[in-house]
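Encoded as structure tokens, the structure appears first; notes follow it.
The values are calculated or read from the model by the stated rules, or taken from the named source; none is laboratory data. The structure presented is a predicted model; accordingly, all values stated were derived computationally and were not measured. Backbone-built Cβ (ideal geometry, glycine too); neighbour counts: all protein chains shown.
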Amino acid sequence: MKISVYGLGYIGLPTALMFAKNNINVIGIDIQEELIQNINSGSLPTNEPGLQEAYLEAHKSRRLIASVIPQKADVFIVAVPTPYISNEKRLFDYSYIINALQKIITVIEKGNTIIIESTIPPGTINELVIPFMKKFNYEPGVDFYLAHCPERVLPGNILEEMINNNRIIGGVTTKCSQKATEIYKIFCEGEIHQTDVRTAEMSKLVENTFRDVNIAFANELSKICNYLNLNVLEVIDLANKHPRVNILEPGPGVGGHCLAVDPYFIVAKSPDLAKIIHLSRETNSSMPHYVAANAEKLVRGIHNPKIAVLGVTYKADVDDIRESPAMEIVELLSGTGFRLSIHDPHVNTLDPRFVSAEEALRDADLILLLTDHTEFRVMDFSPYVKGMRNRLLFDTRNSVKPENAQGLQTVNFGNLYQFVNNLETVIA
């Protein structure tokens with residue numbers, strides 16, 4: 001068997017490596033020539049645990065070959081990006097999937113299987129993929145097999161979750177589901193649940209939307225409690241003592257390629273009905289503005305204040321800044337004219353604002369912690385305190401232990417109301 005994976009990004013490359021690890025010959029297709037060269041030359045720097053080892057094994061055995069040119073295979077897996085178009089309707093950008101299908105149609109043969117892993121709005125397979133294939137006289141379930149199998153992984157633990165997580169497979173026909181199931185059983189040890197294709201499309205979106213809505217509830221509570229001079233962290237902690245309550249903690253916003261995007265696909269399909277989903281997305285999207293506005297208040301009255309930003313990835317211990325609320329906060333504060341220095345041990349960039357922790361905190365008036373990397377959770381701030389001009393820490397992740405922040409005045413969403421004028425607090 002030969003499998004071709006289209007899109008060698010955060011999901012496509014690990015998927016290709018899982019098949020290669022299980023003695024399957026894999027052709028990886030991507031439009032980025034530099035990435036193709038790196039994969040084929042044995043150079044693939046990555047922070048994802050286990051990925052480097054899996055890659056080196058696949059490179060040595062020649063089980064994974066990368067190319068920009070489509071090649072014949074038995075199975076085609078599409079794992080390309082599916083961004084939304086940033087406008088009022090938050091429309092889905094189909095171009096990457098169309099581009100992949102245009103390449104596949106040049107090499108596909110009868111009896112092959114196409115699996116769409118990319119996250120897509122409900123109806124995409126029926127309304128886009130099937131009509132495209134029929135134009136070339138390929139009938140799903142007859143001439144080829146077609147299914148949707150959305151990914152379910154957590155950055156920082158991708159390979160383990162690919163093996164152990166349950167999978168949803170939605171086939172256009174029962175035979176399509178069975179064919180796709182056989183393919184994923186090569187490495188997947190979790191349960192595989194077969195369903196129809198539209199249900200599979202929607203299920204993936206609902207998973208991430210559920211999490212987004214719950215985060216929005218915590219973030220909205222933080223605004224309300226701050227306005228009412230209440231400690232939201234204590235309120236949530238006490239509410240969670242109830243056996244059937246489990247409220248999350250608030251944070252600076254939601255990012256990444258899933259939670260910050262997928263709910264819009266549901267909203268776009270049913271804008272008049274998805275009211276809670278839409279309001280939740282707006283609440284989480286407002287948090288960077290809320291954090292930036294309150295950071296400004298914390299340094300109000302200080303001449304030419306310097307803010308030291310710690311962490312800009314969308315979540316801890318990854319290098320991914322896609323849809324990162326931290327990056328939005330950085331740009332909001334930069335646009336206001338503040339002096340900013342940034343430290344993130346997981347991000348490699350030539351941006352001159354990114355410096356060492358020592359340089360970032362030197363002469364700083366405010367430490368603004370936006371991502372709770374392990375390094376920051378265990379970091380002893382005491383060696384840096386003396387070099388600061390004003391010793392204030394705004395911990396938006398509530399992650400720094402008091403013993404590690406000695407000498408700093410710590411602000412979080414729980415006690416924010418004690419440091420800012422409630423009458424002026426932005427509730428956007």
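Observations, loosely collected:
- Of the helices (runs of 4 or more DSSP H) lying entirely inside the stretch 8-89, those containing at least 3 residues that are at pLDDT 95 or above and not β-branched (Val, Ile, Thr) are 12-21.
- Top-ranked residue of the stretch 153-182 - restricted to ones that are surrounded by fewer than 17 Cβ atoms within 10 Å (Cβ to Cβ) and among the charged types (D, E, K, R), ranked as farthest from GLN194 (Cα to Cα): GLU160
- Exclusive hit being surrounded by fewer than 20 Cβ atoms within 10 Å (Cβ to Cβ), over 18 Å from ASP320 (Cβ atoms) and of a type in the set (Gly, Ala, Ser), set GLY9, GLY50, GLY42, GLY28: GLY42
- Selection within the stretch 108-138 - assigned to a loop (DSSP other than H, G, I, E, B) and either touching a residue at least 60 places away in the same chain (Cβ under 8 Å) or buried (at least 17 other Cβ atoms within 10 Å of the Cβ) (or both): ILE108, ASN112, GLU117, SER118, THR119, ILE120, PRO121, PRO122, GLY123, TYR138
- Selection count, the stretch 139-187, where residues are part of a loop (DSSP other than H, G, I, E, B) and without any contact (Cβ under 8 Å) to a residue 12 or more places away in the chain: 4
- Cross-chain or 6+ apart pairs with Cβ under 8 Å, the stretch 364-389 first and charged (D, E, K, R), then buried (at least 24 other Cβ atoms within 10 Å of the Cβ): ASP365/ILE307; ASP372/GLY311; ARG389/ALA364
- In summary, LEU332 fulfils each of the numbered conditions (1) in contact with a His (Cβ under 9 Å, 6 or more places away or on another chain); (2) free of Cβ contacts under 8 Å to residues at least 60 places away in the same chain; (3) farther than 21 Å from VAL411 by Cβ with the single exception of condition (3).
- VAL254 vs. criteria over 20 Å from VAL312 (Cα atoms), surrounded by 14 or more Cβ atoms within 10 Å (Cβ to Cβ) and not aromatic (Phe, Trp, Tyr): no
- Residues in the stretch 380-387 include at least one that is out of contact with any helix residue (DSSP H, G or I) (no Cβ under 9 Å at 6 or more places or on another chain), at negative phi and surrounded by fewer than 20 Cβ atoms within 10 Å (Cβ to Cβ).
- Test: TYR96 is in a loop (DSSP other than H, G, I, E, B) and surrounded by 13 or more Cβ atoms within 10 Å (Cβ to Cβ): no
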